[in-house]
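Written out below as structure tokens is the structure these notes cover.
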Amino acid sequence: MHRPNYPSGKDLLSADAVSRHDLEDVFARADRFWAEENAEDADAAPLIRRRPKVVANYFEQRSTRTRLGFQSAAVRLGHQAIDAHDTDRSRMGTTTGESLEDHIRTIEAYSDLIVVRTHVEELPYRISRLSYLPIINAGNGADEHPTQAFVDIYAIRVLRGPVSGLSIALSCDTRARFALSFVKLLRLTPPKRFTLCCLPNVSINPPMREAMQRLATLGTQISIVHDVRQTLDHDVLSIQMQDMSRFAHASLGSEAVDKERETEPFTITAQKVLDAKSDILILNPLPRFTELDVSCDTLPNAGYFQQVKLSTPIRMAILDRMLSGVPWTGQIETLPGL
Ligand code: CP
């Protein structure tokens, strides 16, 4: 996809926008927020006192975690979140209604940052060009989901330790947006070993292949397997279903598709984990379908609901940075002449 917003650093549209320094800064802020949230004496935690800011959630595609996560993070920072995409009640998108341009100019008048979730890959980039406000891509079609990648790597760091010493497996459709952002962000903290578990005879999505090649050049040992059992000697398994087209149908509410099952080699069950005597940390960006059997929920390996909890300090950290005007420096670092 063409990315015409040559970087100003104001937006988080892709994991490419993030530098090693930015990653460490987000994790340091998240550690602080996480410690404050978990302080024994909650009243002793420092209150954030500043003029409240307004986060506009422009979600035209379904979301539970990302939508509530940004709302909750804004509130915990002492800010507010508003719904900037209510097609039943706003004038945008109706036959007699406003253009996207006018809608974004209006949102600008009421808010300080826009979070965009959409099925249209180009949309966050278009809004980024239309608006002077910082824009967060909260998932755009089959492109990227950079804040989920921050959550996933932070969860690994908190639950298993520094990523550089770990073996990490990823079982999913190679077109999955969370997966592409995850592998792109891993370049900033390359693991010892990275294994992709994917369908045989399906070509790997080119941007994913490129991100894996980048990891290889950074010294990560790369493998590709076609059965989740072959990942159980790793430290971490991040799993989601293999066929994203089924996911897309299910998210539209097609019951027949909802009942489809992931094929056996790509389904993780408690029995498989116990048979392998594996202490692998299991993550899943959620929602899960049948790739992650509920029998795993009582295993000590299950990290996915803790992963949801850790998304709050991460989203607080990202909002805190961006609402303070701190730029992302990942792409700026690669500008010619710098
Ligand atoms: N992981 C994730 O993006 O979940 P939602 O679609 O519920 O936001």
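The values are calculated or read from the model by the stated rules, or taken from the named source; none is laboratory data. Predicted, not measured: the structure shown is a model, and the values here were computed from it. Note: ideal-geometry Cβ built from the backbone for every residue, glycine included; neighbour counts use all protein chains shown. Areas reflect the complete protein model, heavy atoms only, side chains present, ligands, DNA and RNA absent. Shrake-Rupley method; radii C 1.70, N 1.55, O 1.52, S 1.80 Å.
Go through TYR304, TYR132 and list them by solvent-accessible area, largest first, probe radius 1.4 Å. If you can, show how the numbers build up before the last one.
Working: TYR304 5, TYR132 155 Å².
Heavy-atom accessible area, descending, gives TYR132, TYR304.
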Angle in degrees between helix 65-76 and the longest Cα principal axis of the chain, rounded to the nearest 10: 50
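In Å², what does the accessible area per residue of the range 129-199 work out to with a 1.4 Å probe?
Values: 1610 Å² over 71 residues.
Per residue, the range 129-199 has 23 Å² of solvent-accessible surface.
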Contour excess over end-to-end distance, with Cα ends at ASN38 and SER295 and 0.36 nm allotted per residue: 89.6 nm
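From largest accessible area down, sort TYR58, TYR110; use a 1.4 Å probe on the protein chains.
On the way: TYR58 5, TYR110 160 Å².
Accessible-area ranking of TYR58, TYR110, largest first: TYR110, TYR58.
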Mean Cβ count within 10 Å, highest first, over the residues of peptides 66-72, 97-103: 66-72, 97-103
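With all protein chains present, how much of the accessible area of the range 146-307 (probe radius 1.4 Å) comes from carbon and sulfur, to the nearest whole percent? Provide the component values of the computation, followed by the final result.
Numbers: 3640 of 6700 Å².
Solvent-exposed carbon and sulfur of the range 146-307 make up 54 percent of the total.
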Computed lengthening from ARG261 to ILE224, 0.36 nm per intervening residue step minus Cα-Cα distance: 11.1 nm
Linear extension gain, ASP279 paired with SER99, 0.36 nm per residue minus alpha-carbon span: 59.5 nm
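Quick check on my link table: of LYS53/LYS309; LYS192/LYS277; LYS53/LYS184; LYS10/LYS53, which ones sit more than 26 Å apart, alpha carbon to alpha carbon? Walk me through the intermediate numbers first.
Working: LYS53/LYS309 23 Å; LYS192/LYS277 21 Å; LYS53/LYS184 30 Å; LYS10/LYS53 16 Å.
LYS53/LYS184, as the Cα separations exceed 26 Å there.
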Size of electric dipole in the chain: Cβ of Lys, Arg +1 and of Asp, Glu -1, about Cα centre, debye, nearest 20: 540
